[in-house]
1. In segment 190-205, which residues are without any contact (Cβ under 8 Å) to a residue 12 or more places away in the chain and either surrounded by 10 or more Cβ atoms within 10 Å (Cβ to Cβ) or closer than 26 Å to residue 147 by Cα (or both)?
2. Could you look through segment 247-280, keep only residues that are among the aromatic types (Phe, Trp, Tyr) and exposed (fewer than 12 other Cβ atoms within 10 Å of the Cβ), and pick out the one that is nearest to residue 214 (Cα to Cα)?
3. Any residue that is under 23 Å from residue 157 (Cβ atoms) and either crowded, with 18+ Cβ neighbours inside 10 Å or aromatic (Phe, Trp, Tyr) (or both) - is there at least one of those in segment 92-101?
4. For segment 139-157, how many residues are part of a strand (DSSP E or B) and more than 19 Å from the chain's Cα centre (by Cα)?
5. Scan segment 126-138 residue by residue and report those that are in a loop (DSSP other than H, G, I, E, B) and either surrounded by fewer than 16 Cβ atoms within 10 Å (Cβ to Cβ) or free of Cβ contacts under 8 Å to residues at least 24 places away in the same chain (or both).
6. Looking at 119, 136 in this structure, which one is under 22 Å from residue 13 (Cα atoms) and over 19 Å from the mean Cα position of the chain (by Cα)?
Amino acid sequence: MPEPAERPVIGLSSATANQPNSSDEFHFWLAPEVIVNPFDIVEAEQVAPEGGKSRTFGIVTTLEHSTDAPSHLSNFISNDFGQVSTEPNTVRQGTTVARVAVLSNDRDIYMPVMNDRPVRFADEAGIHAALGIDQVPERYQVPAGLIRMSNGTQAVVYLDSRYILGPEGAHVNISGISGLATKTSYAIFLIQSILQKVENRDRIGVIILNVKHGDLLSIDQPPPRGLEPEQHELWEKLGLTPKPFQNVRYLLPHGKDTPTTGRPNSFRIPERNLFIYAYSLQDTYNKLDLLLSNIPDPWDTVGALIGEITQGLSDPKTGQWGPSGKWKGVHDWQSLLNQRRAFG
């Protein structure tokens, strides 16, 4: 990786009376013609013990351009009172200032970045240091995406499998705009990455609850038109292989027409590995309040009926499934509906 001195300086840190730098945030003005975007990761030279240097990494959150004009009206007047086709009499002096949220320091020094310190785009190693990826052992690294910055620098981002699968966090939050299916697509990608990279992957089972119509009922099939070359390149940079999921089993719900048609209650039917499931009375007799929770019951009629069924199908001694007495012949939904004497 190139040393900081080999990478161009894109600006100098700036601290003012009204906008001081802090241990959590610093500012820098941009050199002319430099393009920086929000979410770019930059590094600023920082102090270190015994006169050495360290690097403070941060992510650009906001960019603001200001000039020496006291108001917008001043700019209007200086352009011959609003003439957009004329050159202003006096060119305003201005600069763009970036606001940066501090992520880390490579020597754990969190003093505020001083004024006039060189600021550069972080390289791949710097991005990993900023995000703490350099502290994750390679055996636990799961490719999670690719960062592309304004200067063209790219870096693979990794997650720690111990925090995805356990024993640490065993949790991932994916945020985004609802309705665009981007969160679902990323979740599917991350599952594929986990199944290709983690140790003991043959011991991992994935359960996906489909709420996306038929979108997730063909994950064992390649895309009809394949992938674009650019997409193949992205997968290669991540060290992954774009391929369908293997050993997939689709569980689709039993419907009212299933006994006659053999088709599950599903808009789309997978081509293979299809299994139809249904909830038996024994599995759900003590959860009827949840199954019928959307039914209005102002007089508690349904509640009383549920209580009678639950009590009748439970063993008085164990509280588990055990129809007895007048409920002895009730073993499935059909017998529950037809055996009216059970409710006498």
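The values are calculated or read from the model by the stated rules, or taken from the named source; none is laboratory data. No experiment lies behind these values; they were computed from the predicted model shown. A quick note on method: Cβ atoms are made from the backbone with ideal geometry, for glycine too, and the neighbour counts reach across all protein chains shown.
1. Once the filter is applied, which keeps residues that are without any contact (Cβ under 8 Å) to a residue 12 or more places away in the chain and either surrounded by 10 or more Cβ atoms within 10 Å (Cβ to Cβ) or closer than 26 Å to residue 147 by Cα (or both), segment 190-205 yields only 201.
2. The qualifying residue nearest to residue 214 (Cα to Cα) is 267.
3. yes
4. Residues in segment 139-157 being part of a strand (DSSP E or B) and more than 19 Å from the chain's Cα centre (by Cα): 1 in total.
5. 132, 137
6. After applying the criteria, what remains is 119.
Residue-wise test of (1) over 16 Å from residue 99 (Cα atoms); (2) in contact with a helix residue (DSSP H, G or I) (Cβ under 8 Å, 6 or more places away or on another chain); (3) touching a residue at least 60 places away in the same chain (Cβ under 8 Å).
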position	(1), (2), (3)
21	no, no, yes
27	no, no, yes
30	no, no, yes
37	no, no, yes
40	no, no, yes
47	yes, no, yes
52	yes, no, no
57	no, yes, yes
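Here is a yes/no grid of residues against (1) in contact with a Leu (Cβ under 8 Å, 6 or more places away or on another chain); (2) free of Cβ contacts under 8 Å to residues at least 12 places away in the same chain:
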position: 264; (1), (2): yes, no
position: 288; (1), (2): no, no
position: 300; (1), (2): no, yes
position: 303; (1), (2): no, no
position: 318; (1), (2): no, yes
position: 324; (1), (2): no, yes
